[in-house]
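Following: one structure in structure tokens, then a few remarks.
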Amino acid sequence: MTIRSTRLAALVAAALLATGVQAKTLRTADQGDALSMDPHSLNETTQLGFTHNVYEPLVARDAQLTPAPALATSWKQTAPTVWRFELRRGVSFHDGTPFTADDIILYRTAVIQ
């Protein structure tokens, strides 16, 4: 397993654990199968619908499709290529580990590689 695959697997596991997973069956129906747990693997309706139920973004969209707070409560551009996000307080993974900026850095690093 490559370093990228290992990091991605760890990120996926952390994301699944952060959702408060319980031992219950989830049944869904769709026009096809989700081919990956990686939210950046495919940009198509089935894949996006599946991963939307697993991952919460920093910034979401409201009913008017304008940016709305999700894991980030506010954000601002501090330089042409730099954004600063204020993270929602009180968010934790299933094991009680707090959600921090380090989690975002790990995730973005995996996506870039």
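Residue 110 fulfils the conditions (1) at pLDDT below 80; (2) open to solvent by 80 Å² or more (accessible area, probe 1.4 Å) except for a single criterion, (2).
Within region 56-72, the set of residues being over 15 Å from residue 100 (Cα atoms), among the hydrophobic types (A, V, I, L, M, F, W, C) and in a loop (DSSP other than H, G, I, E, B) comprises 63, 65.
The residues in region 73-92 that are more than 14 Å from residue 108 (Cβ to Cβ), assigned to a loop (DSSP other than H, G, I, E, B) and either open to solvent by 60 Å² or more (accessible area, probe 1.4 Å) or modelled with pLDDT of 95 or more (or both) can be counted, and the count is 4.
Identify the residue in region 37-47 that is among the hydroxyl-bearing types (Ser, Thr, Tyr) and in a helix (DSSP H, G or I) and, among all such residues, is surrounded by the fewest Cβ atoms within 10 Å (Cβ to Cβ). Here the answer is 45. Restricting attention to region 93-107 and to residues that are in a loop (DSSP other than H, G, I, E, B) and either touching a residue at least 24 places away in the same chain (Cβ under 8 Å) or among the acidic types (Asp, Glu) (or both), the residue that is surrounded by the fewest Cβ atoms within 10 Å (Cβ to Cβ) turns out to be 95. Residues that are closer than 28 Å to residue 95 by Cβ, at pLDDT 75 or above and surrounded by 12 or more Cβ atoms within 10 Å (Cβ to Cβ) do occur in region 29-36. Among residues of region 25-40 that are closer than 20 Å to residue 107 by Cα, those with a beta-carbon under 7 Å from a residue that is open to solvent by 60 Å² or more (accessible area, probe 1.4 Å) and at pLDDT 75 or above at least six positions away or on a different chain give the pairs 35/42; 36/42.
Would you pick out the residues in region 52-64 that are more than 26 Å from residue 36 (Cα to Cα) and hydrophobic (A, V, I, L, M, F, W, C)? Matches in region 52-64: 63 only.
If you go through region 48-72 and keep only what is farther than 17 Å from residue 110 by Cβ, open to solvent by less than 90 Å² (accessible area, probe 1.4 Å) and not β-branched (Val, Ile, Thr), you end up with 48, 49, 50, 60, 62, 67, 68, 69, 70, 72.
The values are calculated or read from the model by the stated rules, or taken from the named source; none is laboratory data. Remember, predicted model here, so these are calculated numbers, not experimental data. All Cβ positions, even for glycine, are placed from backbone atoms using ideal geometry, and neighbour counts span all protein chains on display. Accessible surface areas use protein heavy atoms only, side chains included; no ligands, DNA or RNA. Shrake-Rupley method; radii C 1.70, N 1.55, O 1.52, S 1.80 Å.
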